[in-house]
Amino acid sequence: MKPSLKKIAVVSPIFSDKVSGGSEKLIFQLVELLAMDFEITVLTTRSLDYITWKNSIPIQEKIFFYEGTNHSKPIRFEEKTSSLGGKYKILQFTVEKQRNIERFNRLSKKILESPSLQNKESINHWLIEQGPYVPELIQFIESRKSEYDVFFFVSYLYYPLVFGIPLVAEKSIIIPTFHDEPPAYLPVYKEILTDQSSYSFNTPEELNVFRNILGYKPSTYSITGMNLNLGQCSSDPGSENNYADYHHKNTSSDNKNETLSCQLDFSDKTENSMRRSLRSASAGFGTRCKSSLEKNSNREETPFLLYVGRVDQGKGFLEMAEWFLEWKKNSKLPHKLKIAGKIASKIPNKISEDQNIEFLGFVEEQIKFELLQNCVCLINSSPLESFSIVLMEAWLKEKPALVNGKSDVLKGHCLRSNGGLFYFDRKSFFATLDFILDHPKESFEMGMSGKKYVEQNFNPKTVREKLLRLIDKTIQKKYASS
């Protein structure tokens, strides 16, 4: 079903395929996916850094234009061809105020802890400091809003969404990437995130957080997720013919694993029933016995667990690393922990200097995929997620996952997919890690179930159809109310 829509504007703080953030990847893939169906213009900034909002993309001669009569602030223009077909335009606005993250964090602490300071004037100041401060982008939306049928906005926290939505609320689709975090409770978001707009959520859990905090369920929404490059992420063809004798053990079972549905089910299943489903998945091994859990079993490389992402206390990393080292002291298994990601918090010496943990720093995409291919298990320790791209990438590599159960999103993915286990504390971390490493065939089945879940729910065709339906409903709603 192709809607009659012709023109879409996509508003995003950052737009680039060179940035590793989850919301940046999500919005980039959305534009690539829809470029063949619509005339898309991306309204973004010249920044690639969400910490400082520094204007790192230069304005070059002949690839910029001026809006209105203000010739002091050129807008960078670029036209790109989607890898999936079609073209789209990118307008990059200059950020007028760089962010001092330490000063902003002090301001945030002050406002979030003092309800008396959460008045309009103080919140507007906070939003400008939050950034990216691009008033020219907001003026562009106001002057050109009649030219576009639908506006997409991503990331609820930031200035462009908060000041842009009121101008085009009835024809906007918001991808909030919502978390249960202190800023979400600020009154400004109840004022902005209203039922006038349509919404695209990444998971059922994100919708639940939205409903719990804002007090309503949108009348027009989709649980869409993200289009993933399945070919790039999937295991190489030969990997299915190399089932590894996990930890040099040869286990067997006569149980046969029943066929599991990995299609997203949004009915009101209880968590207990999902737990039973998870136990059912790990009770048998199915008929396949080839895996890539240890693709190169003859290799002498020490087997390793993998963490991918920002190394930050907010990601639950330090707690997880401490528990891993404690587990390591009491385990005879040789596994190490590899960390791929930018270090954003101070790491205690007892962690950074331990030979059982290897810090790789930021790695390029190809290196990341090689690490995922060769790891035994992915660990995602974040208590706050709205989707988790790396979890999907690990499952496409047929790897089991161990996730922080305090994240309803991560726990929900594991329960729906039967692709991993989750922990809540030190004791359950030890128990779930032991289970994954001591039960190779069950771990293999988790990886395969996870792969099936991703392929069924986050392939380009499924995500595109959900987006087209949501766009169509948004247009119909706008015309019905006018």
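The values are calculated or read from the model by the stated rules, or taken from the named source; none is laboratory data. Keep in mind it's a predicted model, so treat the numbers as computed, not measured. Reconstructed Cβ throughout: ideal geometry from the backbone, glycine too, with neighbour counts over all protein chains shown.
A few notes on this one:
- Residues of region 369-386 classified as at pLDDT below 95 and among the charged types (D, E, K, R), total: 1
- Filtered by the rule that a residue be modelled with pLDDT of 95 or more, among the hydrophobic types (A, V, I, L, M, F, W, C) and not in a strand (DSSP E or B), region 8-26 gives ILE14, PHE15.
- Only one entry of PRO183, PRO166 meets the criterion of being closer than 24 Å to LYS25 by Cα, surrounded by fewer than 21 Cβ atoms within 10 Å (Cβ to Cβ) and not β-branched (Val, Ile, Thr), and that entry is PRO183.
- Selection from region 181-223 of residues that are free of Cβ contacts under 8 Å to residues at least 60 places away in the same chain and part of a helix (DSSP H, G or I): ALA184, TYR185, TYR189, LYS190, GLU191, ILE192, LEU207, PHE210, ARG211, ASN212, ILE213, LEU214
- Within region 326-385, the residues that satisfy the criterion of being hydroxyl-bearing (Ser, Thr, Tyr) and farther than 28 Å from ASN229 by Cα are SER331, SER345, SER352.
- Residue check, PHE444 crowded, with 19+ Cβ neighbours inside 10 Å, within 20 Å of ILE389 (Cβ to Cβ), of a type outside the set (Ser, Thr, Tyr) and in contact (Cβ under 8 Å) with a residue 60 or more places away in the chain: no
- Among the residues of region 89-112, the one identified as of a type in the set (S, T, N, Q), exposed (fewer than 15 other Cβ atoms within 10 Å of the Cβ) and in a helix (DSSP H, G or I) is ASN105.
- Evaluation of VAL134 against the conditions (1) surrounded by fewer than 21 Cβ atoms within 10 Å (Cβ to Cβ); (2) of a type in the set (Val, Ile, Thr); (3) touching a Pro at 6+ places or on another chain (Cβ under 8 Å) shows that the sole unmet condition is (1).
- Residue that is surrounded by the most Cβ atoms within 10 Å (Cβ to Cβ), among those in region 390-441 that are acidic (Asp, Glu) and over 14 Å from ILE379 (Cβ atoms): GLU398
- Any hit, region 347-363, residues being of a type in the set (Ser, Thr, Tyr), without any contact (Cβ under 8 Å) to a residue 60 or more places away in the chain and surrounded by 13 or more Cβ atoms within 10 Å (Cβ to Cβ): yes
- For the residues GLY412, GLY405, the requirement of being small (Gly, Ala, Ser) and either closer than 21 Å to LEU337 by Cα or touching a strand residue (DSSP E or B) at 6+ places or on another chain (Cβ under 7 Å) (or both) singles out GLY405.
- Number of positions in region 205-243 that are modelled with pLDDT under 70 and either over 24 Å from the mean Cα position of the chain (by Cα) or over 20 Å from PHE387 (Cα atoms) (or both): 9
- Residue in region 30-41 that is closer than 22 Å to GLU136 by Cβ, modelled with pLDDT of 90 or more and hydroxyl-bearing (Ser, Thr, Tyr) present: yes
- Residue match in region 110-118 (condition: among the β-branched types (Val, Ile, Thr) and under 27 Å from LYS406 (Cβ atoms)): yes
- So ILE475, is it surrounded by 24 or more Cβ atoms within 10 Å (Cβ to Cβ) and not assigned by TED's automatic domain parsing to the domain that holds ARG310: no
- Residue within region 6-15 that is crowded, with 20+ Cβ neighbours inside 10 Å, within 22 Å of ILE138 (Cα to Cα), over 17 Å from the mean Cα position of the chain (by Cα) and of a type in the set (Lys, Arg) present: no
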